[in-house]
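Working notes for the structure below.
The values are calculated or read from the model by the stated rules, or taken from the named source; none is laboratory data. Keep in mind that what you see is a predicted model, and the values were worked out from it rather than measured. Every residue, glycine among them, receives a Cβ derived from its backbone with ideal geometry; neighbour counts consider all protein chains shown.
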Amino acid sequence: MNVYLIIILSILIAEYVLEVFVERLNLRSASGLLPSEFQGYYDAQKYRKAQEYLKDNTRFKIIKSSFFTAVIVVFILRGGFNLVDKFARSFALGPIATGLVFAGVLLLGLKFIGVPFSVYHTFVIEEKFGFNRSSVKTFVLDFIKSLFLGAIIGGLVFSVVLWFFGKAGPWAWAYCWVAVTFFQFFLVFIAPIVILPLFNKYIPLEEGELRSAIEEYADSQDFKIKGIFKMDASRRSSKSNAFFTGFGRFRRIALFDTLISKHTVEELVSVLAHEIGHYKKKHIIRQLGLTIFTNGLMFYVLSLFIKNSGLFAAFKMEYLSNYASLFFFAFLYTPISLIFSVMHNVISRRHEYEADAYVLSTYKKPEAFVEALKKLSVDNLSNLTPHPIKVFFDYSHPPVLQRIQAIRKIRP
């Protein structure tokens, strides 16, 4: 048997087994005993609801992962990639256009196979627990918009990468690295203006106590913002959140309307102070630097496997090509990607603690911040007692109880 095929199947199976193991561990660690910190925030019925939400989502995730792993393994063993390649080549287009057809068929197929799972998660699980507010029309429009965006953005990046690997010789990986890095920066700037408004309305936050409090705090931290917006998140879900977009003077604050309706002014300012803390502590730059580094490593390693005959034989391919190399390499890169993902999460969790400390040192309202964290956890039915292994692999934020404990130790 082809050695690359053995490696790839082993990676797929190991990834699946690890995911199921971690999810089942996490499920077993769910405590039926409400932590004392949340007494008065959860009643017995709502806490049971949170536990059920965790169970339903975990079972759904395992079923979905089982299905897609099986489909991919069968697709590889039955020579599915070669069939798609022959279809793409039948149009007798150039290498880039043929690659776009090849990628389009594969990704569209994967996207449509995933539709039933998305429908079930949105209209069954999220509906059951009172989160879903999305209509069928909104769901369909979101799906269509995401397809067009994926085709435009993904197609452009894919074409540039193929062009460099076809023309730039041994340094193609470096050119790809630089091009993709610039494109990522470009997306950060245009996303608030062009992409995000395709899915939600962003209305300038009206004048009043909240806007004044946010602006006063931002000014006190010399944090320049382009605007403060309220986002109509309630069109799709009752879950709450807030985020920043853009860099420099183009920075914008977006508050979910569901967040505004459930929190006091002091709680909202403390949440935003946490996000400002990430900027002030240069967490965004550090994470971006790590992403740029990992992208460079990925492209370099990719360059070592371009048109590798043994790798193509594993997928039963009749012809070698740059575009198929990108897909096949993704399977081999999975373990490295997992290592960097874990590293990213470890650093991110440390940054969260630092941003929490920034809130206490600058806004000096620890109880308001703790109150905000508790409300967010309850409103989103967050798991209060995740297993440490689950946290290690998947959590970019520390569990809320650990964050609260750290906050209470600091005290301004």
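In table form, for the structure just shown:
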read-out	value
Matching residues, the stretch 21-66, being assigned to a helix (DSSP H, G or I) and polar (S, T, N, Q)	Asn26, Ser29, Ser36, Gln45, Gln51, Asn57, Thr58, Ser65, Ser66
Residues located in the stretch 361-373, provided they are assigned to a helix (DSSP H, G or I) and touching a residue at least 12 places away in the same chain (Cβ under 8 Å)	Ser361, Thr362, Pro366, Ala368, Phe369, Val370, Glu371, Ala372, Leu373
Breaking point among (1) among the aliphatic types (A, V, I, L, M); (2) under 24 Å from Leu162 (Cβ atoms); (3) surrounded by fewer than 18 Cβ atoms within 10 Å (Cβ to Cβ), for Ile347	(2)
Residue ID - farthest from Asn380 (Cα to Cα), chosen from residues in the stretch 22-45 that are in contact (Cβ under 8 Å) with a residue 60 or more places away in the chain and surrounded by fewer than 14 Cβ atoms within 10 Å (Cβ to Cβ)	Arg28
Condition met for Trp177 (in contact (Cβ under 8 Å) with a residue 60 or more places away in the chain, more than 22 Å from the chain's Cα centre (by Cα) and either assigned to a helix (DSSP H, G or I) or at positive phi (or both))	no
Only one of Glu19, Glu15, Glu37, Glu52 that is at pLDDT below 95, acidic (Asp, Glu) and either closer than 26 Å to Pro116 by Cβ or in contact with a Pro (Cβ under 9 Å, 6 or more places away or on another chain) (or both)	Glu52
Subset of the stretch 374-412 that is of a type in the set (S, T, N, Q) and assigned to a helix (DSSP H, G or I) - its residue that is nearest to Asp43 (Cα to Cα)	Ser377
Residue check, Val115 assigned to a helix (DSSP H, G or I), touching a Phe, Trp or Tyr at 6+ places or on another chain (Cβ under 8 Å), exposed (fewer than 15 other Cβ atoms within 10 Å of the Cβ) and of a type outside the set (D, E, K, R)	yes
Qualifying residue in the stretch 139-148 (condition: in contact with a strand residue (DSSP E or B) (Cβ under 6 Å, 6 or more places away or on another chain), farther than 24 Å from Asp85 by Cα and surrounded by 15 or more Cβ atoms within 10 Å (Cβ to Cβ))	no
Residue within the stretch 90-101 that is surrounded by 13 or more Cβ atoms within 10 Å (Cβ to Cβ), part of a helix (DSSP H, G or I) and either under 20 Å from the mean Cα position of the chain (by Cα) or among the small types (Gly, Ala, Ser) (or both) present	yes
Which listed residue, of Tyr41, Tyr53, is of a type in the set (Ser, Thr, Tyr) and within 25 Å of the chain's Cα centre (by Cα)	Tyr53
